[in-house]
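The next block holds one structure in the form of structure tokens; read it before the comments.
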Amino acid sequence: ALLTRATAGPRRIRVHTVSVLVSNNINTLFRAADLDALVNFQAKRSIIDPGTLSMEAARNQLIQTCVQILYVYRKFCATNPAPGQLILPESLKLLPLYTLGLLKNKALTGDVAIVKTDERAHLIQRLLTLSASETASFVYPRMFPLHNLGANHGYYNQHGQVVMPPTISLSAEKLDPEGAYLMDNSETMFLWLGASCPRSFVEQLFGVQTLLENQARHLRLEYRGNDLSQRVMAIVEQLRQGRASFSIVQVMQQKDLAEANLFAFLVEDRAATVVSYVDFLCHVHGQIQAKLV
């Protein structure tokens, strides 16, 4: 309860009530787990704790928390698990992936070569203000192929929402040189154009027939009076909707200097100081196996 005093003088008591479901059954707990909420909490705790912990200790804490959660599930919930198999609860099957995303995020990364001090400070403050769903995209950005939109992608449905194309994994091997991809991390959007992206696609989106080296960064994504342009802009505006700040679209072409900005968010690939997703799963599995001994 909160006691307040109005400007006119009278005092008022404001009562806040919260109703939440509780359970003493650990299986029920895992079935009802909210991945976005857990990742949001983990991210905010990690950037607050370095006030008393080192950044390296905060990163280790993220890994150990992930291992402990999956260890508890395997030990108390899994039914007849194979000895060499990594068991993941359905509700938290992407927890290792999002944990790796946090480790590679510029707000927490140990690779000082890819982030400046003032940029890290900005991202930490930004992360503290994000909602659960925004934090999920901030940690593991969404990447949409734009060169092969389905028949209904980019159009409004009966509920007034834009139908979005399916997302793909964040790995360089998913980037087709003949394709175009939009990445959104809740802060900035990146539009990557493959070196062999069709000339007609580039002309419809940007009004130019050919791209010179490092010219893509000067291009602006805007409505150009054709169907493809309208659909892509509708997808971009849908992503921008409801955000406190305006997300710019940074355009880049394959092998441009700016390409490194997008590659920094390819969570599933190996980075300078952090392993690939497959290797991280093996590390987590090994830690769980060690606790079971």
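By how many nm would the segment from Val15 to Ala151 lengthen if fully extended, with 0.36 nm per residue of separation less the alpha-carbon distance?
Additional length available on full extension: 43.9 nm.
Largest first, what is the accessible-area ranking of Thr117, Thr109, Thr4, Thr167 with a 1.4 Å probe?
Thr117, Thr167, Thr4, Thr109
Take the solvent-accessible surface of the protein heavy atoms, probe 1.4 Å, and return the percent of it on the chain that carbon and sulfur atoms account for.
After summing per-atom areas, the C and S share lands at 52 percent.
Which of the residue pairs Lys44/Lys93; Lys106/Lys255; Lys116/Lys291; Lys174/Lys291; Lys93/Lys116 have a Cα-Cα distance greater than 27 Å in the structure shown?
Flagged as over cut-off: Lys116/Lys291; Lys174/Lys291; Lys93/Lys116.
In what sequence, largest accessible area first, do Thr135, Thr7, Thr28 appear using a 1.4 Å probe?
Sorted by accessible area, descending: Thr7, Thr28, Thr135.
Taking a 1.4 Å probe, which of Cys282, Cys77 shows the most accessible area, and what order do the others take after it?
Cys282, Cys77
Would you mind getting me the FRET efficiency between Lys255 and Val22? Use the beta-carbon distance for r and R0 = 51 Å, nearest 0.05.
About 0.40, to the nearest 0.05.
With the Cα gyration tensor of the stretch 202-276 giving a ≥ b ≥ c as the square roots of its eigenvalues, does the rule (a/c under 1.5 for rounded; else a/b larger than b/c for prolate; else oblate) give rounded, prolate or oblate?
Oblate, since a/c reaches 1.5 and b/c is not below a/b.
Over the chain, what is the relative contact order in whole percent, taking alpha-carbon pairs under 8 Å and six or more residues apart?
17 percent
Taking the Cα centre of each part, how many Å lie between the stretch 229-293 and the stretch 62-102?
The two parts, judged by their Cα centres, are 21 Å apart.
Say each of Phe263 and Leu281 gets a label point 7 Å from the Cα, pointing the same way as Cα to Cβ; how far apart are those two points in nm?
2.4 nm
Can you tell me how the stretch 26-144 classifies by the Cα gyration tensor, rounded, prolate or oblate, using a/c under 1.5 as the rounded cut?
Taking the square roots of the gyration eigenvalues as a ≥ b ≥ c, the stretch 26-144 is prolate.
Could you state the accessible area per residue of the chain in Å², with a 1.4 Å probe and every protein chain left in place?
55 Å²
Classify the stretch 164-293 from the C-alpha gyration tensor, please: rounded if a/c falls under 1.5, else prolate or oblate depending on whether a/b exceeds b/c.
Prolate, since a/c reaches 1.5 and a/b exceeds b/c.
So for the chain, taking the charge dipole from beta-carbon charges (+1 Lys/Arg, -1 Asp/Glu), which of Ala8, Leu38, Phe76 sits furthest toward the positive end?
Ala8
Per 0.36 nm of contour for each residue apart, how much would the distance between Gln230 and Thr129 grow if the chain were fully extended, relative to their Cα-Cα spacing?
33.2 nm
Build a GNM of the chain with springs between Cα atoms under 10 Å: which of Asn152, Asn80, Asn105 gets the top mean-square fluctuation?
Asn80
Please report the spacing between the Cα centers of the stretch 147-191 and the stretch 16-39 in Å, no decimals.
32 Å
The values are calculated or read from the model by the stated rules, or taken from the named source; none is laboratory data. Source: prediction; values computed, not measured. Reconstructed Cβ throughout: ideal geometry from the backbone, glycine too, with neighbour counts over all protein chains shown. Side chains are part of the model used for accessible areas, which takes the heavy atoms of the whole protein and leaves out ligands, DNA and RNA. Shrake-Rupley method; radii C 1.70, N 1.55, O 1.52, S 1.80 Å.
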